[in-house]
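A short write-up of the structure that comes next.
The values are calculated or read from the model by the stated rules, or taken from the named source; none is laboratory data. Treat the numbers as computed from the prediction; the structure is a model and nothing was measured. Methodologically, a virtual Cβ is constructed for each residue, glycine included, from the backbone with ideal geometry; neighbour enumeration extends over all protein chains shown.
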Amino acid sequence: MAVSGVGAISVALFAAVLPAKQSTGALLPLLLVGDVLAVSAYRRHADWPALLRLLPSVAAGVLLGAVFVARVDDAVMRRTIGVLLLTIVAHYLWQRRRTRTASGGSDTTGAPKGRTDTECGTASPGAPTARTQHGRALAFGLVAGFATMVANAGGPAMSLYLLSAGFTMLGFLGTAAWFFLIVNLVKLPFSVGLGLIDRNALVLDALLVLAVPVGAFLGRAAVNRIDQALFERLVLVFTTLSSVNLLR
């Protein structure tokens, strides 16, 4: 999807009409189709060092999520994800406020080609240090891996990680596209083994799959018309709305 955080809305919609575990399995194949389309559109803008920092902790999060799915019921699963996502939003807003205070009230985003200010060698007083970046990658990677395995809800965690790291819009989209293609492929055998993807889920996917390229086209068109500040606000709003829905 062009706006990664908006993907949380699809999680909320599926969970609203299907049991949480069944909705997770039904959504994953559609997400993979969207991932392929996103990579084809934004593959040149990925930040591979950032991806490599995330993947080990994401893998651990996926394993924890698989164990969690096998042990809890739908209600617990939904509410756990909702709480996690709202916590991430609160952390991002706190971190952004602290950064603005340290830099005298100005934003520190805007590094070219998806790179953070620190990576470009132009770090502001509030920009994250290398040690902070690795710590943040560990924390967000665990949450993203866990959330994506449990409810395909890793998008908000990944979105907020990239925003807090100072990624520009295209860097955000390219890095997120590759991230979710890789992670969702890793999740696939776990989802099949846990019984989350069955014949009924595949039939539903066959009925809905044509809507994915339409959504991808609309999303890409929207990206060309949205500035960075509005983009960040949309990610936060959609993340919060979908998280609150999961707490019902």
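Computed values, structure above
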item	result
Residue that is among the polar types (S, T, N, Q), under 28 Å from Asp227 (Cα atoms) and under 19 Å from the mean Cα position of the chain (by Cα), where the choices are Ser191, Ser164	Ser164
Flag for Leu138 being touching a helix residue (DSSP H, G or I) at 6+ places or on another chain (Cβ under 6 Å), more than 16 Å from Ala59 (Cβ to Cβ) and in contact (Cβ under 8 Å) with a residue 12 or more places away in the chain	no
Subset of region 69-107 that is crowded, with 16+ Cβ neighbours inside 10 Å, within 21 Å of Leu138 (Cβ to Cβ) and of a type outside the set (A, V, I, L, M) - its residue that is nearest to the chain's Cα centre (by Cα)	Tyr92
Criterion: over 28 Å from Gly65 (Cβ atoms) and part of a helix (DSSP H, G or I) - qualifying residue of Arg225, Arg220	Arg220
Residue satisfying all of: in region 155-172; touching a Lys or Arg at 6+ places or on another chain (Cβ under 9 Å) and on the phi < 0 side of the Ramachandran plot; surrounded by the fewest Cβ atoms within 10 Å (Cβ to Cβ) among these	Leu170
Tabulated pairs, region 68-89, first more than 12 Å from Leu247 (Cβ to Cβ) and modelled with pLDDT of 80 or more, second surrounded by fewer than 19 Cβ atoms within 10 Å (Cβ to Cβ) and not polar (S, T, N, Q), C-beta under 6 angstrom, 6+ apart or interchain	Val69/Leu194
The listed residue being more than 24 Å from Phe172 (Cβ to Cβ), of a type in the set (A, V, I, L, M) and within 21 Å of the chain's Cα centre (by Cα), out of Leu218, Leu234, Leu207, Leu247	Leu247
Checklist (1) under 20 Å from Leu162 (Cα atoms); (2) touching a residue at least 24 places away in the same chain (Cβ under 8 Å) applied to Leu52, failing item	(2)
Boolean, Leu202 is part of a helix (DSSP H, G or I), closer than 19 Å to Gly155 by Cα and hydrophobic (A, V, I, L, M, F, W, C)	no
Subset of region 162-199 [at pLDDT below 85 and part of a helix (DSSP H, G or I)]	Leu162, Leu163, Ser164, Met169
